Amino acid sequence: MQLDTYRAFLEDYTRFLEKMAGDEKEKYAAILSYDVKRINRVVSNQQALNMHLAKMEQQREEEQSKAGLEGLNFQQIIERLEGQQREDFDKLFRRFEQALYDIKYFNGKSMSFAQEGLQLLGVDEEAVAAPYDASGRQREGTQNVPFFETKI
């Protein structure tokens, strides 16, 4: 059944998001440590994870469509299910949403800390553009030098 395939995919996707949440926590700890090598390592890892995330999200949409659930949010999907399936999907969606919350939380903490540091250094936030877009492609006009290797 397509719903079982969708659920199996969501299990994998949720595990990936939970790992990504752990990596966001590590990124925040790395930034707090001021260890340049550690920071560069976690930032490089994050770029790879972001590209994988984009692929996972595209696949989620495809699997959800194949299961006949296209365009529905998690709550709407749960409302269509009954019994054990409903309970299983509810638990899975809660894990999924918690992982997303954790990712956003630690990413926000990292960004806030980094922005405060830039302000203390007197660096204009407009001057420091994100070198990569959400799909992992380098933005036009950005240098090919990692930020943390730049001499100030």
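The values are calculated or read from the model by the stated rules, or taken from the named source; none is laboratory data. In this text, all values refer to a predicted model and were calculated from it rather than measured experimentally. Heads up, the Cβs are rebuilt from the backbone with ideal geometry, glycines too, and the neighbour counts pull from every protein chain shown. SASA here: full protein model, heavy atoms, side chains in, ligands and nucleic acids out. Shrake-Rupley method; radii C 1.70, N 1.55, O 1.52, S 1.80 Å.
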| Sulfur and carbon atoms: percent of accessible area, the stretch 12-118 [1.4 Å] | 50
| So which GluC sites (Glu not before Pro) in the stretch 14-91 are both in a DSSP loop and have at most 15 other Cβ atoms within 10 Å of their Cβ? | Glu70, Glu82
| said: Restricting to DSSP loop positions (anything but H, G, I, E, B) with no more than 16 other Cβ atoms inside 10 Å of their own Cβ, which chymotrypsin sites (Phe, Trp or Tyr not before Pro) remain in the stretch 18-114? | reply: Tyr34
| note | Computed ³J(HN,Hα) along the stretch 83-89: with the Karplus parameters 6.51/-1.76/1.60, θ = phi - 60°, integer Hz and x for glycine or proline, the list is x, 5, 4, 4, 5, 5, 5
| query | Can you tell me the Rg and the Dmax, both Å, for the Cα atoms in the stretch 49-102? | reply | 12.1, 36
| query | Measuring from label point to label point, each 7 Å out along Cα→Cβ, what is the Glu87 to Ser65 span in nm? | reply | 3.4
| query | So what J values fall out for the stretch 42-53 if you push phi through Karplus, 6.51 cos²θ - 1.76 cosθ + 1.60 with θ = phi - 60°, rounded to Hz, Gly and Pro as x? | reply | 6, 5, 4, 4, 5, 4, 5, 5, 5, 5, 5, 4
| field | Theoretical gain in end-to-end length, Leu100 to Arg80 [0.36 nm per residue, Cα-Cα removed] | value | 4.9 nm
| Under Karplus coefficients 6.51, -1.76 and 1.60, residue-wise ³J(HN,Hα) of the stretch 4-13 in Hz, glycine/proline x | 5, 5, 4, 5, 4, 5, 4, 4, 5, 4
| message | For the stretch 13-59, place one equal point scatterer on every Cα, skip the solvent, and apply the Debye formula. What is log10 of I(q)/I(0) at q = 0.15, 0.24, 0.25 Å⁻¹? | response | -0.40, -0.82, -0.86
| said: Taking the Cα of Leu72, stepping 7 Å toward and past its beta carbon, and measuring to each backbone N in the stretch 1-15: which are under 18 Å? | reply: 1-11
| query | Assuming R0 = 35 Å, what is the FRET efficiency of Asp4 and Phe113, from their Cβ-Cβ distance, to the nearest 0.05? | reply | 0.25
| request: Taking only protein heavy atoms into account and a 1.4 Å probe, give the accessible area per residue of the stretch 52-104 in Å². | output: 67
| query | If you stretched the chain out fully between His52 and Glu11, how much longer would it get, using 0.36 nm times the residue separation minus the C-alpha to C-alpha distance? | reply | 13.2 nm
